[in-house]
């Protein structure tokens, strides 16, 4: 029996109950008055009901309403979606539009394309059900196909109606892999905001990765949430205490303790010196500092960023560089940029270039990416952090400082969309090479936590994956508001994903019809390729004499006056073709392919 609610239903119930009582009472008191009631005269005064009768009527109405509710509860839920045994956490459900949900509530995550167009909303109490009686009825019972058919389907509702009485909303993002055999359990217990992952894999201890793969014959076992069953890899394999205990060789964890000790012993001095530098150079603009870090091995990319910005007339006055060696320090000064060399904390890092993403040099340099943002954030300034493999088309701070753009002002931290769907980057897929941080206690603690996770960063060889998982944790635990650009915003801040895969976006940039603020050459194996890709995009502005494996000759003498700008920066881009299957300012049909398996060429 469907639940009857609402004002109309109450009136009908009241009439059914009240009228027999009323007429019986009148018959007992005065037969003639009953006749008058049945054939009322419009001129007669209204009949008064005694207090005793009114109490009887009210009592009977309440009894009937309670009986109606009890009949629902005691009906064994034969025609409801959920049985009585789940009534403490699931009493009804509706379908809502996935797009409407994402547009109504900005969860901060980029929206991944999927064949599923709907989300499922589950109500855990009757008071959370919609006020609309028909919709409430459908949420409890579903839509019955036929009168003699007990099966039902979930009804659909608009987001606003469906969530009208939801005082809280717990959101779960789940896999959209059609080949995955995933199951989800929701049960009543002490409430948790984490998802525990169980896989049919063997105990990993002592096994090689290829021996850890998913095996459907094994029982389900609790594993880390980023453990991949298809290849048996735990993306968060923890750092060791000792690399070799007998020889007293410390592992990443104890090595990080040593780094933390240096940090804690010097942080007050660093902050004092930084504060003085920022004031002296007048670096802060609208409480924001643009922060970069670089070593000698990546110095050409820093030079190109500065030269390209100057060629477009973009100010570099509020840029602060944290070099990790003397060569990069002198080069940054030679480019006229405010520079702070934290020799005690960063001077221990390698000066060579990373040969590939995730190699030991790359992993070691991630420590600098943590400290430089933390320092400026602790001084109370907003930070726009970016890698050096970026060129600006227009000043990105104008976007973040636009108060009329209310949609982004509420977020604590905003990221460029990386484009990767790897589980270790989910759910945000945030690119840690370009993001904007508002200075507040939530972000200060976020980067303090990231500092504490330094050993995990070295072990996982990824600053990005550790930061993304901390975003996930701090968003849930502390209410950190995270935003990763999506859709229109992604076109404003394109990266390596676009360069290598989203060629319509790249054609817009080349044609001058794009609204992009920058191009980030991420998703690229090494510096050599980045340089070549920038050249054929017409985005390289560093003269050849300033490109050298050994920059010591370039920085000989005193260059702190910014003299390298005139020596190294070209006003016009330096163009050359290299690969016909990569985006280029003009067609490069005579160049080879970098990916022999790729059939389509950029200019086809």
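Laboratory data are not the source of any read-out in this text; all were calculated from the coordinates shown. Nothing here was measured: the structure is a model prediction, and the numbers come from that model. Glycine also receives a Cβ, built like all others from the backbone with ideal geometry; neighbour counts cover every protein chain displayed.
When DSSP beta bridges are limited to those with both residues in the chain, what percentage is antiparallel, rounded to the nearest 5?
Values: 29 of 44 bridges.
Of the beta bridges lying entirely in the chain, close to 65 percent run antiparallel.
Compute the acute angle (0 to 90°) between the alpha-carbon long axis of helix 252-281 and the principal axis of greatest extent of the alpha-carbon atoms of the chain; round to the nearest 10°.
That works out to roughly 80 degrees.
Under the rule of -39500 (n - 2.57) per DSSP H run of 4 or more residues, summed and divided by the residues of the chain, what mean residue ellipticity at 222 nm is obtained, to the nearest 500 deg cm²/dmol? Don't skip to the answer; put the middle values down first.
On the way: 21 runs with 226 residues, N = 604.
Using -39500 (n - 2.57) per qualifying helix, the result is -11500 deg cm²/dmol.
Where does each of 412-419, 400-407, 578-585 land if you order them by average Cβ count within 10 Å, highest first?
Numbers: 412-419: 24.4, 400-407: 10.9, 578-585: 20.4.
Output ranking for 412-419, 400-407, 578-585: 412-419, 578-585, 400-407.
Compute the acute angle (0 to 90°) between the alpha-carbon long axis of helix 463-478 and the principal axis of greatest extent of the alpha-carbon atoms of the chain; round to the nearest 10°.
On a 0 to 90 degree scale, this one is about 30.
Would you mind computing, in nm to one decimal, how far apart the modelled labels at residue 344 and residue 408 are, each placed 7 Å from Cα along Cα→Cβ?
3.7
Rounded if a/c is under 1.5, else prolate if a/b beats b/c, else oblate: with a ≥ b ≥ c from the C-alpha gyration tensor eigenvalues square-rooted, which is region 449-604? Intermediate values should be presented prior to the final figure.
Details: a/c = 1.88, a/b = 1.21, b/c = 1.56.
It comes out oblate by the Cα gyration axes.
Ordered by packing density, taken as the mean number of other Cβ atoms within 10 Å over each peptide's residues, highest first, how do 125-134, 173-182 rank?
Values: 125-134: 16.4, 173-182: 9.7.
Averaged packing, sorted descending, gives the order 125-134, 173-182.
Multiply the residue gap between residue 169 and residue 143 by 0.36 nm, knock off their C-alpha separation, and tell me the result in nm, one decimal place.
Numbers: separation 26, 0.36 × 26 = 9.36 nm, distance 2.42 nm.
So the chain would gain 6.9 nm between residue 169 and residue 143.
Specify the angular offset, from 0 to 90 degrees and rounded to the nearest 10, of the alpha carbon long axis of helix 7-29 from the longest principal axis of the alpha carbons in the chain.
It is inclined by approximately 20 degrees.
Compute the relative contact order of region 459-604 as a whole-number percentage, counting only Cα pairs closer than 8 Å that sit 6 or more residues apart in sequence.
Here the relative contact order equals 19 percent.
Cα gyration tensor of region 132-239, axes a ≥ b ≥ c as square roots of the eigenvalues: rounded (a/c below 1.5), prolate (a/b > b/c) or oblate? Kindly include the intermediate steps, with their values, before the conclusion.
Details: a/c = 3.34, a/b = 2.17, b/c = 1.54.
It comes out prolate by the Cα gyration axes.
When the C-alpha atoms of region 79-192 are aligned to their principal axes, what extent does each axis show, in angstrom, from largest down?
Sorted largest first, the three principal extents are 42, 33, 31 Å.
At R0 = 60 Å, how high is the FRET efficiency between residue 236 and residue 552 if r is their beta carbon distance? Nearest 0.05 is fine. Intermediate results must be reported in sequence, preceding the final value.
Working: r = 40 Å, r/R0 = 0.67.
Once rounded, the FRET efficiency stands at 0.90.
Quick one: grab the alpha carbon gyration tensor of region 166-294, order the square roots of its eigenvalues as a ≥ b ≥ c, and give me rounded if a/c is under 1.5, else prolate or oblate depending on whether a/b is larger than b/c. It would help to have the intermediate numbers written out before the result.
Values: a/c = 2.85, a/b = 1.53, b/c = 1.86.
Since a/c reaches 1.5 but b/c is at least a/b, the shape of region 166-294 is classed as oblate.
So for the chain, what are the equivalent ellipsoid semi-axes in whole Å, largest first, each being the square root of 5 times an eigenvalue of the Cα gyration tensor?
On the way: eigenvalues 816, 157, 128 Å².
The three semi-axes for the chain are 64, 28, 25 Å.
Would you mind getting me the FRET efficiency between residue 563 and residue 398? Use the beta-carbon distance for r and R0 = 25 Å, nearest 0.05.
Details: r = 30 Å, r/R0 = 1.19.
Between residue 563 and residue 398 the formula returns 0.25.
Give the separation of the Cα centroids, region 467-490 to region 533-558, in Å.
Each part reduced to its Cα centre gives a spacing of 36 Å.
Sort the following peptides by mean Cβ neighbour count (other Cβ atoms within 10 Å, averaged over residues), highest first: 438-447, 108-117. Provide the component values of the computation, followed by the final result.
On the way: 438-447: 18.1, 108-117: 13.1.
Final packing ranking: 438-447, 108-117.
Suppose R0 equals 56 Å; then what is the FRET efficiency for residue 248 and residue 194 from their Cβ-Cβ distance, rounded to the nearest 0.05? Walk me through the intermediate numbers first.
Details: r = 37 Å, r/R0 = 0.67.
Efficiency, from the Cβ-Cβ distance: 0.90.
Pairs of Cα atoms under 8 Å, at least six residues apart: use those to get the relative contact order of the chain, whole percent.
Values: 948 pairs, mean separation 67.8, N = 604.
So the answer I get is 11 percent.
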